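Below is one structure, written out as structure tokens; comments come after it.
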Amino acid sequence: MLKRLAVTLLALALAPLALAQNWPDRPIKFVMTAPAGSSIDTLGRVIADKLKDRLGQPVVVENKPAAGGTVATAEVAHAPPDGYMMVLAYPGPLSASPQMRKVPYDVQKDLAPVIITSNQPNVLAINATLPVKTFEELVAYVKARPGQLNYASVGNGSSSHLGMELLKSMTGMDIVHVPFNGSPPAVTATVQNETQMLFAVMQPLKAQIDAGKLRALAVTTPARFTLLPELPSIAESAVPGFEVSAWNGVLVPAATPKPIIARLNREINAILKEPDVVHKLNAQGFELVGGTPEAFGKLIVDDTARWAPVIRKLGLKVD
């Protein structure tokens, strides 16, 4: 009896190692927390295309932008921990939404960080028909029309939502929040003047800015962003200390074998250094990061702590 129990325990202990040794032997699902055409979708598809060659298996991208990315995050959090499902996420579903509403997962218990992929500033963009050319002019224009203007966000709990709420509290602007599921519909609403402004990363904004339908005013980094040097920062313009970043990263279910996490981390780190990837994604405003799973885990914890007092102070909740 004891011998049989020992054999069973040994088999259970070795099962993750056996799984890792044979992994991958079938397609991997890569779930996006944002819709097709978004910056996350662009980034995810570049990584997936390169990863399939490195792993020798298809990496299938699936977009699930509902509920500010929490639906996609929950699907991966509760998936079998076998290395065949991962998610590309952003601060919203990882560090902000869990503080603003009940979500069907625990970030620390149900998910394992793999790698930080990138960091981007949010860009403050406005409908080009607004008669303002600078951030300072926008603040004055909004203050003269309290409650009359709307801002779009890419989702409740996103950095574009929290960033604008923080900016409102620091400037006294009174504007109405209109949330969307991802950047494409948020950008479209601002182009059509249903909303008059938004924070979003540059990738979904660029075509509309180039077409003259949106006007970029500033970025949310403390100083000018090296990949967008023509835009002043909000902090240097009129609001010292204002800073909001939009990072992205890959996660898998928490009990995924460590050798699989290490392999994914190693391969994606290499992808983020490939010259064609760097050139393509830098051109769209992505600052590629990489690093260890531990560094990503620390970023999530630190970002959660950073936003906690802001969410409490502003009383931000999502039904």
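Just so it is clear, none of the values below were taken in a lab; they were calculated from the coordinates. Computed from a predicted model, the values in this text were never measured in an experiment. Positions of Cβ are backbone-derived with ideal geometry, glycine not excepted, and every protein chain shown enters the neighbour counts.
If you take the Cα centroid of region 275-319 and the Cα centroid of region 89-122, the two points sit 8 Å apart.
Size check on region 121-237: the Cα extents along the three principal axes, sorted descending, read 34, 29, 28 Å.
Straight-line cross-link partners of LYS143 among the aspartates and glutamates, defined as a Cα under 12 Å from its Cα and at least 8 positions apart when in the same chain: ASP174.
By the count of other C-beta atoms within 10 Å, a proxy for reagent exposure, LEU314, LEU231 are ordered fewest to most as LEU314, LEU231.
Normalised by 2.2 N^0.38 Å, where N is the number of residues, the alpha-carbon radius of gyration of the chain equals 1.06.
For the chain, the 222 nm mean residue ellipticity estimated from helices alone, with every DSSP H stretch of n ≥ 4 adding -39500 (n - 2.57) and the total spread over all residues, rounds to -13500 deg cm²/dmol.
Residues within the reach of a label modelled at ASP49 (point 7 angstrom out along Cα to beta-carbon, backbone nitrogen below 18 Å), restricted to region 255-293, are 268-288. Of all lysines in the structure, those lying under 16 Å Cα to Cα from LYS109, and not within fewer than 8 positions of it along the same chain, are LYS258, LYS298. Summarising the overall dimensions of region 206-319 from its C-alpha atoms, the Rg and Dmax are 17.8, 49 angstrom.
Determine the gain in length on full extension of the stretch LYS109-ARG26; use 0.36 nm per residue of separation and subtract their C-alpha separation, reporting nm with one decimal. Gain in length upon complete extension: 27.2 nm. Straight Cα distances below 14 angstrom link LYS52 to the aspartates and glutamates ASP25, GLU267, with same-chain residues fewer than 8 positions distant left out. In this label model, ASP302 and ASN282 are separated by 2.3 nm, measuring between points 7 Å along each Cα→Cβ vector. Sketch the reach of a paramagnetic label on GLN192 as a point 7 Å from Cα along Cα-to-Cβ, and name the residues of region 150-171 whose backbone nitrogen lies under 20 Å away. Flagged as within label range: 150-156. Assuming charge only on the beta carbon of Lys and Arg (+1) and of Asp and Glu (-1), the dipole of the chain about its Cα centre is about 580 debye to the nearest 20. Angle of helix 293-314 to the longest C-alpha principal axis of the chain, folded into 0 to 90 degrees and rounded to 10: 40°. The H on the amide N of SER153, modeled in the peptide plane, is under 5 Å from the matching H of VAL178, PHE180, each at least 5 residues off or on a different chain. Residues ILE116, ILE271 in ascending order of nearby Cβ atoms (within 10 Å, fewest first): ILE271, ILE116. Note on the chain: dipole from Cβ charges, positive end direction compared against ALA34, THR190, MET164; the farthest Cα belongs to ALA34.
Once the chain from LYS273 to GLN57 is taken as fully extended at 0.36 nm per residue, the excess over their C-alpha distance is 75.7 nm.
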